[in-house]
Amino acid sequence: MTEQLAGGRRRARGWLGDRVLLVVTLGASLVAVGAMILIAWRVIRGAHLAWSTFGLSFVWGTVWDTNKSIFGAAPGLFGTAVTSAIALIIAAPLSLAIALFLTELAPRGVRTIIGTLVEMLAAIPSVVLGLWGILIMGPFVADHLEPWLHRWFGWIPIFSGEPSSSGIFVAGLILAIMVVPIVASVCRELFSSVPRELEEGALALGATRWEMVRGVILSSSKPGIAAAVILGLGRALGEAIAVLQVSGAGWFIRSDLFNTGDTLASRIAGQYQGAGSKLQTASLFYLAAILLVIGLVTNALAQLIVRRFEFQRTGGS
C-alpha cells in the first residue's frame, strides 16, 4: 500500500512537471514570436507617413534633404551593400584560415589561447571598436593602406579617390573585424564535427594535408560555411554605432571606396533623436523597415542552408 501511494505521488509529480515544462517552454516561444510581431508592427506603423508620401520611389530615391522634406534610401542601401561586401571579402577567408588552424594545425595549448582570444573579440563593444577605428585604424589607412592601393590600383574606379581617415572603406574594415569571430567560431565547430576517420583515411591514401583539407573538410562543410558567412553578413548589415563613427555620414553614391558614406543602420542611429519633422522620423522608420526585411531574408536563407546541410548529413532520413 505504501509503495502504491509513493508511486502515485511520483506519477503526479511527473505529470505536474510535464505540464509546467510545456507551459514554460510554450510561453517562452510565444514571447519570442510576439516580440517579433510587435517590432515589425511598430516599425511598419512608424513608416506609414513616409510610405504614403513617397511609396516605393523612396527605395531608389537619392536625396536626403531635411529642409525640403525629400528623402530617399538608395545611398544608404548602397553603403550597406558595399560595407558588408568589403567585410565579407576580408572576413570570410580570414575566418576560414583561423578555423582551420585551430582545428587542424595548432598545438593544444596554442589552440585554447587563440580560440579564446578570437571569441573574446566578439565581446568588444561596437562603440569601442569605433573609437579604435577613429584613433588608430583610420589614420593608418589614410597614411599607408589607401595611398598604397591608390598608387598601384588607382586605375580601378573604386581605388581612384583621395585617401581619407573616414569613409566606406574604413567602415568595411571595422565590420570585417566584427564579423571574423562569428564566422570563425561557426566554422571551427563545423570542422571539428567532420569524422576523424575520414581525415585519417585520406592521409593514409597518400593525400597531402592540403588535399585532405580541400577534399574532406571543406567539401563536407560547404553548406555550413555558406550559412556561417550569411550569419556574418547579418551582423554586418545591422551594425550602426561603429559605422556611424568611421563612415563620415555622406549620403551619396560614388564609385570610389575612399569617400565618406552612410548605411541604413548608421543613418537611423545618427538622426533619429534629432529628427526635425514627422516625415523625417517616418523616413527613418522606412529605412528600419527595409533593414528589417533584409535581415529577415538573410537569416531565413541561413536557416534554409543549415537545414539542407542537416538533410544531406543524415542522408534524407
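The values are calculated or read from the model by the stated rules, or taken from the named source; none is laboratory data. Since this is a predicted model, take the numbers as computed values, not measurements. Note: ideal-geometry Cβ built from the backbone for every residue, glycine included; neighbour counts use all protein chains shown.
Output the number of residues of the stretch 76-112 satisfying the condition of being modelled with pLDDT of 90 or more, surrounded by fewer than 19 Cβ atoms within 10 Å (Cβ to Cβ) and of a type in the set (Val, Ile, Thr). Number satisfying all stated conditions: 2.
Counting only residues that are part of a loop (DSSP other than H, G, I, E, B) and within 22 Å of Gly295 (Cβ to Cβ), the stretch 31-73 holds 5 of them.
Residue selection: Ser192 fails the criterion of being of a type in the set (Ser, Thr, Tyr), touching a residue at least 24 places away in the same chain (Cβ under 8 Å) and farther than 29 Å from Ser220 by Cβ. Residues in the stretch 254-310 that are in a loop (DSSP other than H, G, I, E, B), in contact (Cβ under 8 Å) with a residue 24 or more places away in the chain and not aliphatic (A, V, I, L, M): Arg254, Ser255, Asp256, Phe258, Asn259, Thr260, Asp262, Thr263, Gly276, Ser277. At pLDDT below 85 and farther than 30 Å from Glu162 by Cα, is that true of Ser283? No.
Entry remark, the stretch 64-104: residues being free of Cβ contacts under 8 Å to residues at least 60 places away in the same chain and over 18 Å from the mean Cα position of the chain (by Cα) number 7 in total. So, in the stretch 233-248, of the ones that are among the small types (Gly, Ala, Ser) and at pLDDT below 90, which residue ends up farthest from Ala176 (Cα to Cα)? Among those residues, the one meeting the criterion is Gly248. Here the helices (runs of 4 or more DSSP H) wholly within the stretch 180-253 that include at least 1 residues being under 30 Å from Pro125 (Cβ atoms) are 222-238, 241-247. Looking only at residues in the stretch 47-62 that are among the aliphatic types (A, V, I, L, M) and more than 27 Å from the chain's Cα centre (by Cα), the one that is surrounded by the fewest Cβ atoms within 10 Å (Cβ to Cβ) is Leu49.
For the stretch 258-289, filtered to residues that are under 30 Å from Phe159 (Cβ atoms) and of a type in the set (Val, Ile, Thr), the residue that is surrounded by the most Cβ atoms within 10 Å (Cβ to Cβ) is Thr263.
Quick one: is Leu301 at pLDDT below 90 and on the phi < 0 side of the Ramachandran plot? It is true that Leu301 is at pLDDT below 90 and on the phi < 0 side of the Ramachandran plot. Can you work out which of the residues in the stretch 146-175 that are without any contact (Cβ under 8 Å) to a residue 24 or more places away in the chain and in a loop (DSSP other than H, G, I, E, B) is nearest to Ala81 (Cα to Cα)? Among those residues, the one meeting the criterion is Ile156.
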